[in-house]
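Scroll down for the structure; my scribbles are underneath it.
The values are calculated or read from the model by the stated rules, or taken from the named source; none is laboratory data. All figures in this text were calculated on a predicted structure; none of them were measured in a lab. For neighbour counting, all protein chains shown are included, and Cβ atoms are generated from backbone atoms with ideal geometry for every residue, glycine included.
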Amino acid sequence: MINVFSIDVEEYFHPTEVQPFTSPGQWEHYPSRVPGQIGRILDLLDAKQVKATFFVLGWVAERQPAAIRAIRAAGHEIGCHSYAHRLVYQMTPAEFREDTRRAVAAIEDACGITATAYRAPSYSITRQSLWALDILASCGFTHDSSIYPIAHDRYGIPGFGRHAQVLPTASGPILEVPVATAALWNGAVAPVGGGAYLRLLPYRYTAAGIRRINRAERQPACVYFHPWEIDCGQPRLAEGRISHLRTYGGVSGMLGKLERLLSDFRFSTLQQVHALPGSLSAPGATPALVA
């Protein structure tokens, strides 16, 4: 079974957990750490002979185009992670469309690629912002990976389908690829897709979840992380015990876990694993969710 390996390319001052302690007006004054982080990630992927999907923030593409070109030159897939890392449900549809347009243009200018796969900051396509899928389809996106079928204080759609599915919108269908979750014996759904869950919990937790998805459900898993999650030298901007734990907990062991993950499982890009079906009709899709 080949799984999806994805990276959300943003600076250490972009995460939603960090934003209360800084502001967009300060971003230009922070030293960038993306080039060094991307270099380490590309070296790891090359050593493991794995291709991945990099969801790139437009703000980063404008300022670090050489890093984005290096990703493309290494043969990886380039997706879009918005322009300014704003939560979708905190924007109007018009603001979201403009943010997306600006991000696509920045990525095109940086590396010549027109992104057709999207991931929202902090998985912020929720029930209240499902209108965003229609805008993405109208902007030419064929794939989205923004819906997390779990309950969380910031994101998630509990009960949403856990595996890739074609969703209809007024502007055409889009293939939704949720981040990996495991169905538990009591009917609950556990997140196993990486990020903080990989950093903070023992490796065996994530590995067991992926094996369950691959073997018992015979489905690919979608895994993700951020470049700052492997960087022990990043400035620590988040304050407060919970924010600090969520952002920096487990950073020192993250690279080792990623190396082990890439050795224990097979991975490729999102659009390689989830190629568009010959017909984008959607048997089993849920039109009511995206109306």
What about Pro24, is it closer than 22 Å to Tyr155 by Cβ and either of a type in the set (D, E, K, R) or loosely packed, with under 15 Cβ neighbours inside 10 Å (or both)? yes
Considering the stretch 176-186, residues that are hydrophobic (A, V, I, L, M, F, W, C) and surrounded by fewer than 23 Cβ atoms within 10 Å (Cβ to Cβ), and then whichever is farthest from Leu261 (Cα to Cα), we arrive at Trp185
Test Tyr83 against the stated conditions and say whether it is in a loop (DSSP other than H, G, I, E, B), under 16 Å from the mean Cα position of the chain (by Cα) and under 27 Å from Asn214 (Cβ atoms). no
Looking only at the stretch 112-125, filter to residues that are of a type in the set (Ser, Thr, Tyr), assigned to a loop (DSSP other than H, G, I, E, B) and out of contact with any Leu (no Cβ under 7 Å at 6 or more places or on another chain); which one of those is nearest to Ala66 (Cα to Cα)? Thr114
The correct count of residues that are assigned to a helix (DSSP H, G or I), surrounded by fewer than 17 Cβ atoms within 10 Å (Cβ to Cβ) and modelled with pLDDT of 95 or more in the stretch 256-287 is 6
For the stretch 157-195, give me each residue that is of a type in the set (A, V, I, L, M), touching a helix residue (DSSP H, G or I) at 6+ places or on another chain (Cβ under 6 Å), modelled with pLDDT under 95 and not in a loop (DSSP other than H, G, I, E, B). Ala182
Does any residue in the stretch 237-252 that is within 19 Å of Glu11 (Cβ to Cβ) and touching a residue at least 40 places away in the same chain (Cβ under 8 Å) come within less than 9 Å, Cβ to Cβ, of a residue that is assigned to a helix (DSSP H, G or I) and hydroxyl-bearing (Ser, Thr, Tyr) six or more places away or on a different chain, and which pairs are these? Leu237/Thr247; Ala238/Thr247; Ala238/Tyr248
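Every residue, every condition in (1) under 15 Å from the mean Cα position of the chain (by Cα); (2) assigned to a helix (DSSP H, G or I), yes or no:
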{"site": "Arg199", "(1), (2)": "no, yes"}
{"site": "Ala207", "(1), (2)": "no, yes"}
{"site": "Ile210", "(1), (2)": "no, yes"}
{"site": "Arg218", "(1), (2)": "no, no"}
{"site": "Trp228", "(1), (2)": "yes, yes"}
{"site": "Gln234", "(1), (2)": "no, no"}
{"site": "Leu237", "(1), (2)": "no, no"}
The stretch 6-32: number of residues that are out of contact with any helix residue (DSSP H, G or I) (no Cβ under 7 Å at 6 or more places or on another chain) and either more than 15 Å from His81 (Cα to Cα) or among the β-branched types (Val, Ile, Thr) (or both): 13
Part of a helix (DSSP H, G or I), on the phi > 0 side of the Ramachandran plot and either within 17 Å of the chain's Cα centre (by Cα) or surrounded by 19 or more Cβ atoms within 10 Å (Cβ to Cβ) (or both) - does that describe any residue in the stretch 89-111? no
Go through (1) closer than 30 Å to Thr181 by Cα; (2) in a loop (DSSP other than H, G, I, E, B) for Tyr30 and report which single condition fails. (1)
